[in-house]
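The values are calculated or read from the model by the stated rules, or taken from the named source; none is laboratory data. This is a predicted model, so every value here is computed, not measured. Note: ideal-geometry Cβ built from the backbone for every residue, glycine included; neighbour counts use all protein chains shown. Surface areas here come from the heavy atoms of the whole protein model, side chains and all, with no ligands, DNA or RNA. Shrake-Rupley method; radii C 1.70, N 1.55, O 1.52, S 1.80 Å.
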Amino acid sequence: LAPKETFGITPLDEYNKQLLDYVHPIKWENPKPAGKYNLVAVGAGTAGLVTAAVAAGLGAKVAIIEEHMFGGDCLNFGCVPSKAILRSAKIAYDAIIRGKEFGVNVTNGGKIEMDFGAVMERVRKCRAQISSHDAAERFTKVYNMDVFIGRGKFLSADTIGVTADQGGLVTKLKFARCVIATGAKASVPPIPGLSDIKYLTNQTIWNLTSLPLRFGVIGSGPIGCELAQAFQLLGSNVIVLNRSNRILGKEDRDAAKIVKKSMELCGIKFVTGVKFLNVEYKDKLIGFKSGIVVTIENNKKDGAEEKYEFDHIIIATGRKPNVTGLDLEKAKVKYDKRKGIEVNDFLQTSNNNIYAAGDCCTRYQFTHMADAMAKIVVRNALFFGRSKVSNLVIPWATYTFPEVAHVGLYATDAKDKGIAIDEFKVDIEHNDRAVCDGEDHGGFVKVICKKG
């Protein structure tokens, strides 16, 4: 376990030390509040940083509050480390899984060895290198804003208090406008026994320095599928356990089938349509080192009980908004613990002077979405704009091998909205580049149009 002051980050090598120096400097001294701020941002992930930086760049007096780590999930636990590990996995995929198609044969004499420690060291190095862009000090020097490191809690409808790391006095910040950008965290399902064992999430998996030979993935969304494929290619034996009968439930069914086939080709085993009965250590006296046993009821086998043993499991069953512990009631801001902060189409909360952006208030939990929402907040909060979040056309991608890219409404989305559609599907088997790249096996482009 990592010391509290490292925010769960291990090992404390040169790269993680560099990361922490940038995103949560230990000796940081909070400034003296500068009267009433035009804007206070609560949270220094993408949504908070972009809102604060754009507003400050336009001349507003801005303060930003962060209790944990500048850069939020994208830098520290999401986009950056996941894409770094996927790059290593892609090299293994091209050589081991697909190499023979292209005349690249891996023989006994040319055995490929996976150095998981080196892979994870590179992940930490990439993260540390990029972290300078989100450094706390950079936002004071470049954007001339006041940076407060500590816990923020609302005191009233126009005032928020900040308690520094070491506790003690509460610093009061008054604001004309405020944006809540507190992000989200892993949603952990209520599986019996799960709270009694050591499990991984997208936040803690980057602490690993040795490869788990038996790796269990609970959940099959983008995070679960990307990491399942990466770890399998890097040498783990991966089993994905999922309640639903299909993987990538938010993606097109045809696309999800292609991804599943590819993942199975890599060696991943899927057990879907399950009910989780229990999670426990194989030997309760020995604990974690004895292995983790997940007991399920397999609905595809008439409810037969099955047990799976792992060295590590990751919980990848979705994310939930960070909305508790802010005393939102004192600010007259309505919220739901599951859905997040309630906002209108202009990203205003139930308090007209307080806005929200990013993962804490939308189901589209993507960095580019947080960025776009932040710019809407600046226009609407500071310049009396009427920009609507509903006008955004939202793209996203899942970085499995092959990738799935998407923009706009899926057919199921259109159906839910009562929109009649025409659907056009074009296979890419005759596309010259797809043929040359060996990607002409089942891939397609699908276009959804309003009927007529």
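Of the strands (runs of 3 or more DSSP E) lying entirely inside segment 349-452, those containing at least 3 residues that are at negative phi and open to solvent by 50 Å² or more (accessible area, probe 1.4 Å) are 421-427, 444-450.
Scan segment 302-309 and give yes if some residue there is modelled with pLDDT of 95 or more, open to solvent by less than 50 Å² (accessible area, probe 1.4 Å) and either aromatic (Phe, Trp, Tyr) or not in a strand (DSSP E or B) (or both), otherwise no. Yes; the residues of segment 302-309 include at least one that is modelled with pLDDT of 95 or more, open to solvent by less than 50 Å² (accessible area, probe 1.4 Å) and either aromatic (Phe, Trp, Tyr) or not in a strand (DSSP E or B) (or both).
Please enumerate the residues belonging to segment 182-221 that are in contact with a strand residue (DSSP E or B) (Cβ under 7 Å, 6 or more places away or on another chain), closer than 18 Å to MET114 by Cβ and not hydrophobic (A, V, I, L, M, F, W, C). Correct list: PRO212, ARG214. With respect to (1) farther than 23 Å from LYS337 by Cβ; (2) in contact with a strand residue (DSSP E or B) (Cβ under 8 Å, 6 or more places away or on another chain); (3) open to solvent by less than 40 Å² (accessible area, probe 1.4 Å); (4) among the hydroxyl-bearing types (Ser, Thr, Tyr), the lone exception for TYR143 is condition (3). Among residues of segment 22-47 that are on the phi > 0 side of the Ramachandran plot, those with a beta-carbon under 8 Å from a residue that is of a type in the set (Gly, Ala, Ser) at least six positions away or on a different chain give the pairs GLY43/GLY72; GLY43/ALA181; GLY43/GLY183; GLY43/GLY358. Whenever a residue of segment 169-198 is part of a helix (DSSP H, G or I) and open to solvent by less than 30 Å² (accessible area, probe 1.4 Å), it has no partner that is modelled with pLDDT of 95 or more and among the polar types (S, T, N, Q) lying with C-beta atoms less than 6 angstrom away and at least six residues away or across chains. Each residue in segment 40-60 was checked for being part of a loop (DSSP other than H, G, I, E, B) and in contact with a helix residue (DSSP H, G or I) (Cβ under 9 Å, 6 or more places away or on another chain), and 5 of them qualify.
Has segment 316-330 got at least one residue that is open to solvent by 20 Å² or more (accessible area, probe 1.4 Å), under 20 Å from THR51 (Cβ atoms) and of a type outside the set (A, V, I, L, M, F, W, C)? Walk me through how you get there before you give the answer.
Let us first name the residues in segment 316-330 that are open to solvent by 20 Å² or more (accessible area, probe 1.4 Å), namely 317-320, 322, 324-325, 327, 329-330.
From what's left, under 20 Å from THR51 (Cβ atoms): 322.
Of the ones still in play, those that are also of a type outside the set (A, V, I, L, M, F, W, C) are 322.
There is at least one residue in segment 316-330 that is open to solvent by 20 Å² or more (accessible area, probe 1.4 Å), under 20 Å from THR51 (Cβ atoms) and of a type outside the set (A, V, I, L, M, F, W, C).
Residues in segment 273-310 that are touching a helix residue (DSSP H, G or I) at 6+ places or on another chain (Cβ under 6 Å) and not aromatic (Phe, Trp, Tyr): how many? Give the derivation first.
Step one: filter segment 273-310 for residues touching a helix residue (DSSP H, G or I) at 6+ places or on another chain (Cβ under 6 Å), giving 273, 279, 281-283.
Adding the requirement that they be not aromatic (Phe, Trp, Tyr) leaves 273, 279, 282-283.
The qualifying residues number 4.
This table checks each residue for (1) closer than 23 Å to PHE77 by Cβ; (2) touching a Gly at 6+ places or on another chain (Cβ under 6 Å); (3) assigned to a loop (DSSP other than H, G, I, E, B).
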| position | (1), (2), (3) |
| --- | --- |
| LEU211 | yes, yes, yes |
| GLU226 | yes, no, no |
| ALA230 | yes, no, no |
| GLY235 | yes, no, yes |
| VAL238 | yes, no, no |
| ARG246 | no, no, yes |
| GLU251 | yes, no, yes |
| ALA256 | no, no, no |
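For segment 62-101, which residues satisfy the criterion of being open to solvent by 40 Å² or more (accessible area, probe 1.4 Å) and free of Cβ contacts under 8 Å to residues at least 60 places away in the same chain?
Here is the first cut: in segment 62-101, the ones open to solvent by 40 Å² or more (accessible area, probe 1.4 Å) are 67-68, 73, 79, 83, 87, 90-91, 94, 96-97, 100-101.
Scanning segment 62-101 gives ARG87, ILE91, ASP94, LYS100.
Out of all the residues in segment 270-280, is one or more within 29 Å of ALA370 (Cβ to Cβ) and either open to solvent by less than 50 Å² (accessible area, probe 1.4 Å) or in contact (Cβ under 8 Å) with a residue 60 or more places away in the chain (or both)? Show your work before the answer.
At the first step, the residues of segment 270-280 found to be within 29 Å of ALA370 (Cβ to Cβ) are none.
No: zero hits.
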